[in-house]
Structures are given as C-alpha cells and as structure tokens.
Amino acid sequence: MKGFAMLSINNVGWIEKESPVAGPYDAIVRPLAISPCTSDIHTVFEGAIGDRHDMILGHEAVGEIVEIGSEVKDFKVGDRVIVPAITPDWRSLEAQAGFHQHSNGMLAGWKFSNFKDGVFAEYFHVNDADMNLAFLPKEISLSSAVMITDMMTTGFHGAELAEIQMGSSVVVIGIGPVGLMAVTGAKLRGAGRIIGVGSRTACVEAAKFYGATDIVNYKDGDIVKQIMALTNGHGVDRVIMAGGGTETLGQAVAMVRPGGVIANINYHGSGEYLQIPRVEWGCGMAHKTIKGGLCPGGRLRMEMLRDLVLYNRVDLSRLVTHEFKGIENVEKALLLMKDKPKDLIKAVVIV
C-alpha cells in the first residue's frame, strides 16, 4: 500500500509498505476522510517527539472496515466508523486507573504517527476494535465526523480539565480548531464570560459563533494586561491553553485568580521548560491549579461526542474551511496547516 510519511525531521513523502494485518481483536480500516493536525507539524518540522523514519503520518480519520479479527464482536466488514486519535490498550493498569491515554506508558495511548503508522494511507490498523471504534451514522458528514476524532475531544477535554462551573469566567488562549472546541465545551459546561485569544479573522468569527463573548488579539499587546483590564484587575476563574509557546503558561498563571484552574491541551513541541512566574504564583502558595492532559479516546468517548453532533448540540461544519478530494492531496492539506493562511481553520481530505 501507499502512505504519506515522515521520512525524517523536516522531510515528508510518499512511501510503499506492506498492508497491515488484523490481530484477533483488531480491525483494518480504509480511510474515507482524513485531516492533518498541527500535531503533525510539531512532529515533522520541530522534531517534537524525536526523529521518525518512514513513519506514516496522521491520526485523524473516519473510514470503512475492510478486515476484522476473529474476536471482534460488534463490528463487521463494510461498517463506517469513527476512529479516535487516541486508541488505548484497554487491558492495561493505566486504563484501570482512569488514565487510558497513558496505557503502557506516558502518552502511549497516542499510537498513530507516534509509535505506529498513522492514517494517511490506503489502509491502517486499529487495535482493540470493539473498544476503540464507533459507528458513524449517515446523518453526519465525513468532514464533520473527522473533527470528532481529535479537535472536538481535545477541546472538550480542556473544558473538563478546567473544571468549568456555571458562570465561570474563562480565557481560551489560542482559537484554532482545538481552541474553538474549548470555547464550545466551556459554553456547554455553563461558562459565563468566555474570552478568546487569537488574531486570524476566520478563527475570531468562529469563536464568536461558538460562544466567545470577548476577543483579545495578542498582536495588540501583552495579553495578560489586556485581560486584566477587561476584568478590572481581577483576572479569570479558568484558563484553557490551546495554543501558544513556552511563555504561555506564565501568562496563564498571571491572569487566573487565586483558586483558579489552568488547563493545558496544547502540544508544546519545542523548548526545554515551561516557566511559572514566582510572584504571580503567590510564591507557590496561590492555590492556582495547573493541569495538562492528552485528549480522551476510545469508543465510549467517540459515541458521546458523536451524539452531541447527531442531535444538533454542536455544529462542527464551521471548523472545516478547506476541503480536498483524493488522498494524493494530503500533502497540500498538511502544508496549509503549517503555513496557517488567514482564512484557514481546518483542512480535510475526502478520500
């Protein structure tokens, strides 16, 4: 089969590999729609998780099952499925402890384009099919469905980690597709004021659509000063970091109130350390909680998010601004995510 791969750091291209084979509990899937992620950019062009050679990229896909293992009970060949970006080993101690994202090692629930070949190929392998796949109903478009696999689950996890309560004031730093879903998750959880931090027009308009009450443009000056001015010097209850660099954690600490929560869902792909400002952290005693988490995966998560879309609680169509036809265009879509033109939110390839 053919696949689009990371050949080495800063180097991508098409390669040929043997088609994967299903184990007894596994499935082989043919992609119907795929989408490149900013995480792919960090992996390839920053070497964020180290060098990879001839590793097929991609972890966002919906597809059709073409082969199942002998022990798969709930799925059959021909089923259309949602494939989460995170496909844990559910028979692991970490999964039993409630952290399936780290099954058998830190971040090890993230397999595609990390430990094994990803979804930018003619076929790809899914471990533990009954626990990691979800049925895709025909009422949900392929473009919207592929947004569930990573963007929606990641953004919503930010709202979950932040422990947003009814009436909470929230800042979302970074209003790309993940941040937009963090805004959506914050609104669904009952947030009051939601301040989005970003600059690109398409993202700003979408943030307002999804529930942002205010927008702060980092190009207009220090975002901490802007947010403190908006809140009369009080800061906010919750901060979700969905973008930014190594300085962003310090900014989040400075703008959150004592007793507040900072939730990081951003893939920090470069730098050795994230800095915490001593004074703004109350010399370590401010009761400001800092959390970070890889998005949840698995079948149950995908089914719950799918139903929010199916029953018109969330409209994912606003995330997709660029759509390509044919798997041969995945490189164009990937480079769009790297270059981030002003009109881009998310690119999808319909295979």
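Coordinate-derived values only; no laboratory data. Note that the structure is a prediction, hence the values are computed from the model and not measured. FYI the Cβ positions are ideal-geometry reconstructions off the backbone, even for glycines, and counts take in every protein chain you see.
Translational diffusion coefficient, Stokes-Einstein: compute it for the range 155-292 using the Kirkwood radius over C-alpha pairs as Rh, at 10 °C and 1.306 mPa s, and state it as an integer in µm² s⁻¹.
Approximately 111 µm²/s, per Stokes-Einstein.
Can you give me the distance in nm between label points at residue 286 and residue 323, each placed 7 Å from the Cα along the Cα-to-Cβ direction?
4.5 nm
Assuming a viscosity of 0.890 mPa s and a temperature of 25 °C, what translational diffusion coefficient in µm² per second does Stokes-Einstein assign to the range 1-110, Rh being the Kirkwood radius over Cα pairs? Show your work: numbers first, answer last.
Working: Rh = 15.5 Å.
It comes out at roughly 158 µm²/s.
Please work out the C-alpha center-to-center distance from the range 179-203 to the range 297-313 and express it in whole Å.
If you average the Cα positions of each part, the centres end up 19 Å apart.
Given all pairs of different Cα atoms, what value in angstroms does the Kirkwood hydrodynamic radius of the chain take?
20.4 Å
Based on DSSP, what percent of beta bridges with both residues in the chain are antiparallel, to the nearest 5?
Within the chain, antiparallel bridges account for around 50 percent of the total.
Highest mean first, how do 283-293, 17-27 rank when packing is the count of other Cβ atoms within 10 Å averaged over residues?
By packing density, highest mean first, the sequence is 17-27, 283-293.
So how far, in whole Å, is the C-alpha centre of the range 214-291 from the one of the range 34-111?
Here the answer is 30 Å between Cα centres.
Read phi for every residue in the range 146-157 and hand back ³J(HN,Hα) as whole Hz from Karplus 6.51 cos²θ - 1.76 cosθ + 1.60, θ = phi - 60°, with x for Gly and Pro.
Using θ = phi - 60°, the values come out as 5, 6, 5, 5, 9, 4, 5, 5, 6, x, 5, 5 Hz.
Have a look at 126, 228, 249 and report the one farthest towards the positive end of the charge dipole of the chain, computed about the Cα centre with Cβ charges (Lys/Arg +1, Asp/Glu -1).
Farthest along the dipole direction, towards plus: 228.
So what is the calculated 222 nm ellipticity per residue for the chain, using -39500 (n - 2.57) for each DSSP H run with n of 4 or more, over all residues, to the nearest 500 deg cm²/dmol?
Here the helix-only value at 222 nm equals -7000 deg cm²/dmol.
Enumerate the residues in the range 100-133 having an amide nitrogen under 18 Å from the point lying 7 Å beyond the Cα of residue 9 toward its Cβ.
Residues 114-115 fall inside that zone.
Expressed as an acute angle from 0 to 90° and rounded to the nearest 10, what is the orientation of the C-alpha long axis of helix 177-188 relative to the principal long axis of the chain?
70 degrees
Taking amide hydrogens as modeled 1.01 Å from N in the peptide plane, which residues meet the under 5 Å criterion relative to residue 260, leaving out close sequence neighbours?
Those qualifying (amide H under 5 Å, at least 5 residues apart or on another chain) are 289.
How tilted is helix 299-310 with respect to the longest principal axis of the chain? Cα atoms for both, answer in degrees (0 to 90, nearest 10).
70 degrees
Just to be sure I understand: with springs between alpha-carbon atoms less than 10 Å apart, which residue in 297, 271, 326 has the highest mean-square fluctuation in the Gaussian network model of the chain?
The residue with the greatest mean-square fluctuation here is 271.
Provide the FRET efficiency to the nearest 0.05 for the residue 313-residue 234 pair, computing r from the beta carbons and using R0 = 35 Å.
Using R0 = 35 Å, I get an efficiency of 0.65.
In the range 205-292, which chymotrypsin sites (Phe, Trp or Tyr not before Pro) fall in coil by DSSP and have 10 or fewer other Cβ atoms within 10 Å?
Here the chymotrypsin sites (Phe, Trp or Tyr not before Pro) that fit, given the DSSP loop and packing criteria, are 273.
Going through the range 47-147, which trypsin sites (Lys or Arg not before Pro) have at most 16 other Cβ atoms within 10 Å and a DSSP loop state?
Sparse-neighbourhood loop trypsin sites (Lys or Arg not before Pro): 73, 76, 91, 138.
Per 0.36 nm of contour for each residue apart, how much would the distance between residue 70 and residue 204 grow if the chain were fully extended, relative to their Cα-Cα spacing?
43.4 nm
List 187, 346 from most exposed to least, where exposure is judged by having the fewest other Cβ atoms within 10 Å.
187, 346
Mind listing the long-range amide H neighbours of residue 112? Cut-off is under 5 Å, sequence gap 5 or more, other chains count too, H placed in the peptide plane at 1.01 Å from N.
87
Cut-off under 30 Å on the C-alpha distance; same-chain residues fewer than 8 positions from residue 138 excluded. Which lysines are left, in chain and number order?
Within the straight-line cut-off, residue 138 pairs with 2, 73, 76, 111, 116, 187, 208, 325, 332, 346.
May I ask you to evaluate 6.51 cos²θ - 1.76 cosθ + 1.60, the Karplus curve with θ = phi - 60°, for each residue of the range 20-26 and list the ³J(HN,Hα) values in order in whole Hz, giving x for glycine and proline?
After applying 6.51 cos²θ - 1.76 cosθ + 1.60, I find x, 10, 7, x, x, 9, 10 Hz.
Where in the range 102-124 does the label zone of residue 18 land, with the point 7 angstrom along Cα→C-beta and an amide N cut-off under 13 Å?
No residues fall inside that zone.
Taking a temperature of 4 °C and a viscosity of 1.567 mPa s, what whole-number D in µm²/s does Stokes-Einstein yield for the range 243-351 with Rh from Kirkwood over alpha carbon pairs?
Using the Kirkwood radius from Cα pairs, D works out to 75 µm²/s.
Once you keep just the Cα pairs under 8 angstrom separated by 6 or more residues, what percentage relative contact order results for the chain? Show your work: numbers first, answer last.
Values: 866 pairs, mean separation 64.8, N = 351.
Value for the chain: 18 percent.
So what is log10(I(q)/I(0)) for the range 1-61 at q = 0.12 1/Å, when the Debye sum runs over its Cα atoms only?
-0.33
How long is the gain from residue 246 to residue 278 if the chain were fully straight, where each residue apart is worth 0.36 nm and the alpha carbon distance is subtracted?
Details: separation 32, 0.36 × 32 = 11.52 nm, distance 1.56 nm.
Using 0.36 nm per residue and subtracting the Cα-Cα distance, I get 10.0 nm.
Over the Cα atoms of the range 267-311, what radius of gyration and what Dmax do you get, in Å?
Considering the range 267-311 through its Cα atoms, Rg and Dmax are 17.7, 47 Å.
Scan around residue 323 for amide H atoms under 5 Å from its own, H built in the peptide plane at 1.01 Å from N, and keep only partners 5 or more places away or cross-chain.
Excluding prolines and chain starts, which carry no amide H, the hits are 348.
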